[in-house]
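Structure record follows, encoded as structure tokens.
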Amino acid sequence: MIYLLGGTGYIGRAFHRHLTRHGIAHRVVRRAELDYADPARLLAALRADRVTFLINAAGYTGKPNVDAAEHQKAECLFGNAVLPGRIAEACASARVPWGHVSSGCIYQGARPDGSGFTELDPPNFSFRAGPCSFYSGSKALGEEVLAAYPDVYQWRIRIPFDHLDHPRNYLSKLLRYPRLLDARNSLTHLAEFVPAALAFAEKRPEPGLYNFTNPGSVTTREITALLAATVAPGRDFAFFADEAEFMRTAASTPRSNCVLDSSKLLAAGIPLAPIHEALRAALAAWRPAPRDEVGSLS
Ligand SMILES: NC(=O)c1ccc[n+]([C@@H]2O[C@H](COP(=O)([O-])OP(=O)(O)OC[C@H]3O[C@@H](n4cnc5c(N)ncnc54)[C@H](OP(=O)(O)O)[C@@H]3O)[C@@H](O)[C@H]2O)c1
């Protein structure tokens, strides 16, 4: 039996869909029904349900975007730094291995030679190495908290996208925002991430940090060219002149744009498609997300 925390959220619903479709025994645990931030309650539930693996897709993301975290700091710290530690306590006591959905947004840019940051590089977009957004700082603190625990996978995803047109899908965002910032990033194909993360429960590679992005990186302009060639024929996308204009007119806290190296994931025997291939696959399968998800998650 797999426990899925945050199964009502954008990432969690992708897990829920996959687990249901494949008939994998699981339970979506909602805060409203079980206070999973209370280690004693979570421990009792893990034992009662004989849980074999837990996925934590719960956390604070900020709505409509990470700017919200600048005004909801306590909630953000609780969801991203305190909650993972509480879950870790319960899982360690129950001896349940688990995976935590972390984020690669704790880095900015790339290594000096242009290559991606590896799991050995300390975050450079965090409270310890600023400047950063409050959201990114809280995610880096969450990783620090979990570093003390032995049997947890920390899956660093970045700017998730897939084939379902949905307000939370990065490709949908690019189609809907009036103006875009051109930047180079590593991204995560959600449709590949979910089965690949579940493969951790089967293969049980070494616990620890994993950059969970599709190999390579891509610029916003490269993606809009793909969109204009497929689902938005001929669309002329508008861009900010530079990051300074974006910050002045559209954002209140800096954004992470970064390149990650995902070779540790590959070495664990869990390959993802190269990023341009993954984007083309998502656009080839493009369709609306289930209606019940769009309203409740936008
Ligand atoms: N979406 C992204 O672009 C992205 C990118 C990188 C990393 N991540 C990480 O992936 C995880 C899930 O993201 P998501 O986009 O699926 O988030 P989401 O749609 O906001 O859902 C998060 C879920 O977490 C639960 N939760 C528990 N404590 C919470 C708290 N203090 N504040 C808010 N929600 C709380 C809620 O479920 P219940 O109330 O039902 O229990 C909620 O449905 C987060 O840790 C996020 O940092 C997301």
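A short reminder: the numbers here are calculations on the coordinates, not readings from a lab. On a predicted model such as this, the values are computed, not experimentally measured, just so you know. Using ideal geometry, Cβ is built from the backbone for each residue, glycine included, and neighbour counts are taken over all protein chains shown.
Find the centroid of the Cα atoms in the range 222-298 and in the range 32-54, then give the distance between the two in whole Å. About 35 Å separates the Cα centre of the range 222-298 from the one of the range 32-54.
Relative contact order for the range 129-273: 32 percent, from Cα pairs under 8 Å spaced at least 6 residues apart, divided by residue count.
In sequence order, what are the phi-derived ³J(HN,Hα) couplings for the range 141-158 according to the Karplus relation 6.51 cos²θ - 1.76 cosθ + 1.60 with θ = phi - 60°, rounded to whole Hz, with x for glycine and proline? My calculation for the range 141-158 gives 4, x, 5, 4, 4, 6, 4, 7, 9, x, 10, 10, 9, 10, 9, 8, 9, 9 Hz in order. Here the dipole of the chain is about 620 debye; that uses its Cα centre as origin and unit charges on the Cβ of Lys and Arg (positive) and Asp and Glu (negative). The lysines within cross-link reach of residue 264, meaning a Cα-to-Cα straight distance under 25 Å and a gap of 8 or more places when in the same chain, are 139, 203. Across all Cα pairs in the chain, the calculated P(r) in 10 Å bins from zero up to the longest distance comes to 6, 28, 38, 22, 5, 0 percent per bin. Annotation: amide H of residue 53 within the under-5 Å range of 3, sequence separation 5 or more or interchain, hydrogens built in the peptide plane. Dipole size of the range 51-124 about its Cα centre, with +1 on Lys/Arg Cβ and -1 on Asp/Glu Cβ: approximately 240 debye, rounded to the nearest 20. Does anyone have the angle between helix 10-21 and the longest principal axis of the chain? Alpha-carbon axes, 0 to 90°, nearest 10? So the helix axis and the longest Cα principal axis differ by about 60 degrees. Peptides 152-163, 179-190, ordered by how many other C-beta atoms sit within 10 Å of their residues on average, highest first, read 152-163, 179-190.
Full extension of the chain between residue 281 and residue 176 gives 35.8 nm of extra length, using 0.36 nm per residue less the Cα-Cα distance. On the basis of the beta-carbon distance and an R0 of 22 Å, residue 251 and residue 229 show a calculated FRET efficiency of 0.20. Using θ = phi - 60° in the Karplus curve 6.51 cos²θ - 1.76 cosθ + 1.60, the 3J(HN,Hα) couplings for the range 114-126 round to x, 6, x, 5, 9, 5, 8, 7, x, x, 10, 9, 8 Hz; x is entered for Gly and Pro.
Each residue, residue 263 and residue 75, gets one label point 7 Å from its Cα in the Cβ direction; the gap between the two is 4.2 nm.
Take each peptide in 71-78, 48-55, 229-236, count the other Cβ atoms within 10 Å of every residue, and average; sorted highest first, the result is 48-55, 71-78, 229-236.
Less than 5 angstrom separates the built amide H of residue 100 from those of 56, 153, 154, 155, all sequence-distant by 5 or more or on a different chain. Take each peptide in 112-120, 217-225, 130-138, count the other Cβ atoms within 10 Å of every residue, and average; sorted highest first, the result is 130-138, 217-225, 112-120.
A cut-off of 5 Å between modelled amide H atoms, ignoring neighbours fewer than 5 places along the same chain, links residue 118 with 261.
Applying 0.36 nm per residue to the separation of residue 219 and residue 82 and subtracting their alpha-carbon distance, the gain on full extension is 45.9 nm.
Once both labels are positioned 7 Å from their Cα atoms along Cα-to-Cβ, the gap between residue 22 and residue 144 label points is 3.5 nm. What separates the Cα centres of the range 154-205 and the range 113-135 is a distance of 19 Å.
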